[in-house]
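Working notes, structure below.
The values are calculated or read from the model by the stated rules, or taken from the named source; none is laboratory data. Values in this document were obtained by computation on a predicted structure and should not be read as measured data. Please note: Cβ atoms are built from the backbone with ideal geometry, for glycine as well, and neighbour counts cover all protein chains shown.
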Amino acid sequence: MRPIRLPEPPGGGMGTPEIFTGGAATVVRRAVVIGNGSPGAENQCLGLVRALGLADHLTLYRVTRPQGGINEWLHFLPISLHKLIDQVLRQFFRNTRFELVIQGRKPYRVPNGGSVGVSSVLEADTKKIVAVARDTFDKEGPTLIVACGWDTISYSSSIRHLASDSVYVIQIQHPRSRLDRFDLVVTPRHDYYALTAGGQQEVPRLFRRWITPQEPPGRNVVLTVGALHQADSTALRLAAIAWHDKLAPLPKPLLIVNIGGPTRNCKYGVELARQLITSLYNVLDSCGSVRVSISRRTPRKVSDIIFKEFTGHPKIYIWDGEDPNPHMGHLAWADAFVVTADSISMLSEACSTGKPVYVIGTEHCKWKISAFHKTLQERGLVRPFTGLEDVFGLEMPEFSAPMVQIGFAALWQDAVQQYATKRL
């Protein structure tokens, strides 16, 4: 069995950055994460908190919209207005024949945090978060607030407005307007594609003022190549141990195939599934094993084709979504990856391992997602998957999770120093 290799974090371990052991005004001992129920968004928050050494000192809150019935048509509304309308409708039509139309058949509930590795989740409450931040400030210092997703913006900005002396607010993903509402905004570089020459040509002049962002990034904006995540060297080593008995005995080299689902800016259908099947057969002789992961976003017609073609194949195993999720184990044990072009999160995680990453379906992408893929290819982080390449012979540049962590630690140090100067 060929041993796996994972990048070693500098200094023997990340631990808690030195910035958290300074003067009383700069010490940060706890974090609050505000999520929106999407694993992709919440994992970005948790990844940043991990990089800052606060993974064991965080509380996860979740913003939840009313679900079921007519609410499925109201998700375009601001969340506060949506909740108000839902409350009024439920009260008005209670015990009438229209009650089922309003609330649907499924009960409204706050999902737990199992999908993001947190045992319990609290319903987001601005007043409660502000009160706790103020009450704990003298003993624990400022509370780090990390939020991600459109529905979290009103919560995080309100918290900063109400308790600016007790919190430091980081918003992940571009909030579209008024970036001065946050201490820091962390967003992918491709969110600014609308300001490039190519982006301007793709947008009719009439709509340009509505395409965000409208201004270049300011001093409180940090641009990333892809999405933040939790797959650092420590997490991968733990996953390698946890999945050793399952994945270590597999014939090597191991190719991991991650299949996402079509999005607004990356549309595809069964034609991509057929293309993937043909390309996999072309490289199968060089693989010891292939493990295919189907995501929740994968269309049924795509997954059906994959299952029909590969079920029972001696070299290929397909994960069908049943727990436990092998994703972290795959990141740790893979020798190479093939990822569909729609998933920025999966591509970001795979690239951070430093292993060969191949992408299929980029020709179906447009707008800022196309710009994202262009950046990855220019940096030598990915290659197109055609089935004609030696998928295990590609030398990858240095691009690892610890490097990302160091970058954010340095960034955070500068941010906290600015915060301390403001207070003093």
Any residue in the range 98-115 that is modelled with pLDDT of 85 or more, among the polar types (S, T, N, Q) and surrounded by 15 or more Cβ atoms within 10 Å (Cβ to Cβ)?
-> no
Is the range 8-25 home to any residue that is modelled with pLDDT of 50 or more and not in a helix (DSSP H, G or I)?
-> no
Taking the range 180-225 as the region of interest, how many residues are under 17 Å from Lys368 (Cα atoms) and among the acidic types (Asp, Glu)?
-> 3
Within the range 33-60, track down each residue that is of a type in the set (A, V, I, L, M) and in contact (Cβ under 8 Å) with a residue 24 or more places away in the chain.
-> Val33, Ile34, Ala41, Leu46, Leu48, Val49, Ala51, Leu52, Leu54, Leu58, Leu60
In the range 41-96, how many residues are among the aliphatic types (A, V, I, L, M), in a strand (DSSP E or B) and surrounded by fewer than 22 Cβ atoms within 10 Å (Cβ to Cβ)?
-> 1
Pairing a residue in the range 151-167 that is touching a residue at least 24 places away in the same chain (Cβ under 8 Å) and under 23 Å from Arg29 (Cβ atoms) with any residue that is among the aromatic types (Phe, Trp, Tyr) and assigned to a helix (DSSP H, G or I), where Cβ atoms lie under 6 Å and the two sit 6 or more apart in sequence or on different chains, gives Ser166/Phe137
Qualifying residue in the range 224-239 (condition: over 24 Å from the mean Cα position of the chain (by Cα) and modelled with pLDDT under 90) | no
Matching option when the condition is at positive phi and in contact (Cβ under 8 Å) with a residue 24 or more places away in the chain, among Gly141, Gly198 | Gly141
Of residues in the range 169-185 being more than 12 Å from Val221 (Cβ to Cβ) and of a type in the set (D, E, K, R), the one modelled with the lowest pLDDT = Arg176
Matching entry among Ser157, Ser166 (being in contact with a Lys or Arg (Cβ under 8 Å, 6 or more places away or on another chain), among the polar types (S, T, N, Q) and within 23 Å of Pro39 (Cα to Cα)) = Ser157
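Just to be sure before I move on: is Ile256 among the hydrophobic types (A, V, I, L, M, F, W, C), touching a residue at least 12 places away in the same chain (Cβ under 8 Å) and in a strand (DSSP E or B) in the structure I sent?
yes
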